[in-house]
Amino acid sequence: MNLPIVDLGALGLDGGAHVLVRLALDDCRPGEEIGVRGSHPDLVADLVTWCRTQGHQCVPRGDGGADAVVRRGSASWAAWVGAERSGHPDPHTDSAIAAHPPAAWGLAARGSAVEPGGPEPVFRLDVRDEIWTDRAGSLYAQAVAGQWNPASAIDWLDPIVHGREIERAVVQVMTFLVENEEAALVVPARFLGQVHPHFREIQQMLAVTIADEARHIEVFTRRATLTGSELALSTVGGRASLQSLLEEPDFAIASFLLSVMGEGTFVSLLGFLERHAPDPVTRRIARLTRQDEARHVAFSLAHLERHVQHEPGLRARLASAVERRHRALQGTAGLNDDVFDALVLLSGGAVSPDAVALGWQRVQQLQREMAEHRQARLGRLGFSSGEAETLSSLHTRNFM
């Protein structure tokens, strides 16, 4: 019987010849043989040693056109066929995603053949029905396509022509936004390293969200100091509200409180700032950051909508979290008065009784819109209209 021959020419195993031998053996079953020939002076001796380390047999031979015959060993074959296939590489639905990927898969790429044995790192978020959404891939693609550079996306040289009082209001609002965006960065960062790598789209969405928030902090800080001002007031009540988000250990609840309740409310706030911004720089910042925040809210809603379908009791846990947070914060001052007054001045557009009256009405309308939009998001998670109205009313007065 004619053996398939691997002709190595002058290439030795010290120069990579084993790559060609291994390729030929990949097509063989245990016990099947290939011939190897070549002119390298140490070929046979090196081949015998390499085969021994790989679980194959190598027999020197001086006829039939081969310098040696390699017989595929059963040990290496068993390692290959015994490897567990870690899901599918490119899912279109969650049916292609493992419900509970084993710890032994570790950092292996989804769809790869995982050799048995090795480390078993612990990833606490390893249950598909608790974190997955089919929308993660498309939302990540949108996020990547929508990334913007603060240096080029915003014309920082546009003139600032409004008065000192209005500029102070801008600085106060920007200061408020910075600390809230810090919370929006830290919360997903806490959970990112807990997600099993099998759910790579979830990892990617959390990672790009963190990048978005870092960029938001940059532009809000830069706008606050654009005219030479120092940042304004940060209150104890505001920081206490955000601290309650940092302390939440449950991914679903943290995502719900941060994004569905908080960032969703901030989408309304950023839209308000875009409409009433006193200068083009502030308007552009509000528009760009609002688009990012809307995507963050969409991601959280998507995975929570799926989660409540698989865990009907989740709604009760979410409601309890809102009530618990409300009780913990009811002794705090809530929204910084300086922030509220700044929003009145910005939406009024001037420092006069008539302008303040107009701004006051607009901020009241903003708060009503925030509540209505929160109720709509709660409705998407299956809360009744009455439940949604009650939970919305308990949301922190600090917006986030």
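Here are the numbers:
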{"quantity": "Some residue of the stretch 343-358 being modelled with pLDDT of 95 or more, of a type in the set (D, E, K, R) and touching a helix residue (DSSP H, G or I) at 6+ places or on another chain (Cβ under 6 Å)", "calculated": "no"}
{"quantity": "Residue in the stretch 231-249 that is within 28 Å of residue 159 (Cβ to Cβ), of a type outside the set (Gly, Ala, Ser), surrounded by fewer than 16 Cβ atoms within 10 Å (Cβ to Cβ) and more than 18 Å from the chain's Cα centre (by Cα) present", "calculated": "yes"}
{"quantity": "Checklist (1) over 22 Å from residue 270 (Cβ atoms); (2) part of a helix (DSSP H, G or I); (3) small (Gly, Ala, Ser) applied to residue 382, failing item", "calculated": "(2)"}
{"quantity": "Lone unmet requirement of (1) under 21 Å from the mean Cα position of the chain (by Cα); (2) at pLDDT 70 or above for residue 85", "calculated": "(1)"}
{"quantity": "Residue among 133, 175 that is surrounded by 15 or more Cβ atoms within 10 Å (Cβ to Cβ), of a type outside the set (Gly, Ala, Ser) and more than 16 Å from the chain's Cα centre (by Cα)", "calculated": "175"}
{"quantity": "Residue list for the stretch 51-61, restricted to those being surrounded by fewer than 17 Cβ atoms within 10 Å (Cβ to Cβ) and not hydroxyl-bearing (Ser, Thr, Tyr)", "calculated": "52, 55, 57, 59, 60, 61"}
{"quantity": "Flag for residue 311 being within 24 Å of residue 202 (Cβ to Cβ), crowded, with 19+ Cβ neighbours inside 10 Å and charged (D, E, K, R)", "calculated": "no"}
{"quantity": "Residue within the stretch 285-295 that is closer than 27 Å to residue 240 by Cβ, more than 29 Å from the chain's Cα centre (by Cα) and surrounded by 20 or more Cβ atoms within 10 Å (Cβ to Cβ) present", "calculated": "no"}
{"quantity": "Residues satisfying the stated conditions in the stretch 49-77, i.e. β-branched (Val, Ile, Thr), free of Cβ contacts under 8 Å to residues at least 40 places away in the same chain and more than 13 Å from residue 17 (Cβ to Cβ)", "calculated": "53, 59"}
{"quantity": "Lone qualifier among 355, 388 - being in a helix (DSSP H, G or I) and either surrounded by fewer than 17 Cβ atoms within 10 Å (Cβ to Cβ) or of a type in the set (Lys, Arg) (or both)", "calculated": "355"}
{"quantity": "Residue that is nearest to the chain's Cα centre (by Cα) [pool: residues in the stretch 391-400 that are assigned to a loop (DSSP other than H, G, I, E, B) and over 16 Å from residue 255 (Cα atoms)]", "calculated": "398"}
{"quantity": "Single unsatisfied condition, residue 228 versus (1) surrounded by fewer than 22 Cβ atoms within 10 Å (Cβ to Cβ); (2) part of a helix (DSSP H, G or I)", "calculated": "(2)"}
{"quantity": "First in the stretch 329-358 and among the hydrophobic types (A, V, I, L, M, F, W, C), second anywhere and outside any loop (DSSP other than H, G, I, E, B) and at pLDDT below 95, Cβ under 6 Å, 6 or more apart", "calculated": "329/241; 333/237"}
{"quantity": "Residue match in the stretch 214-223 (condition: farther than 30 Å from residue 163 by Cβ and crowded, with 21+ Cβ neighbours inside 10 Å)", "calculated": "no"}
{"quantity": "Search result, residues across the stretch 5-18 that are exposed (fewer than 13 other Cβ atoms within 10 Å of the Cβ) and either of a type in the set (Val, Ile, Thr) or assigned to a loop (DSSP other than H, G, I, E, B) (or both)", "calculated": "9, 10, 16"}
{"quantity": "Counted residues, the stretch 104-134 - those being of a type outside the set (D, E, K, R), at pLDDT 95 or above and in a helix (DSSP H, G or I)", "calculated": "1"}
{"quantity": "Test set (1) over 22 Å from residue 188 (Cα atoms); (2) polar (S, T, N, Q); (3) loosely packed, with under 14 Cβ neighbours inside 10 Å; (4) in contact (Cβ under 8 Å) with a residue 60 or more places away in the chain - residue 152 fails condition number", "calculated": "(4)"}
{"quantity": "Residue satisfying all of: in the stretch 307-341; among the acidic types (Asp, Glu) and either over 25 Å from the mean Cα position of the chain (by Cα) or not in a loop (DSSP other than H, G, I, E, B) (or both); nearest to residue 259 (Cα to Cα) among these", "calculated": "323"}
{"quantity": "Restricting the stretch 136-149 to residues that are touching a residue at least 24 places away in the same chain (Cβ under 8 Å) and not in a helix (DSSP H, G or I), the residue that is farthest from the chain's Cα centre (by Cα)", "calculated": "148"}
{"quantity": "Residue list for the stretch 257-296, filter: over 30 Å from residue 316 (Cα atoms) and of a type in the set (Val, Ile, Thr)", "calculated": "281, 282, 285, 289"}
{"quantity": "Every pair of residues 6+ apart whose Cβ atoms lie under 9 Å, when the first sits in the stretch 362-380 and is in the same structural domain as residue 299 (by TED's automatic domain parsing) while the second is outside any helix (DSSP H, G or I) and surrounded by 19 or more Cβ atoms within 10 Å (Cβ to Cβ)", "calculated": "370/395; 370/399; 371/395; 374/395; 375/383"}
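The values are calculated or read from the model by the stated rules, or taken from the named source; none is laboratory data. For clarity, every value in this text was computed on a predicted model and none was experimentally measured. Positions of Cβ are generated from backbone atoms using ideal geometry, with glycine treated the same way; all protein chains shown enter the neighbour counts.
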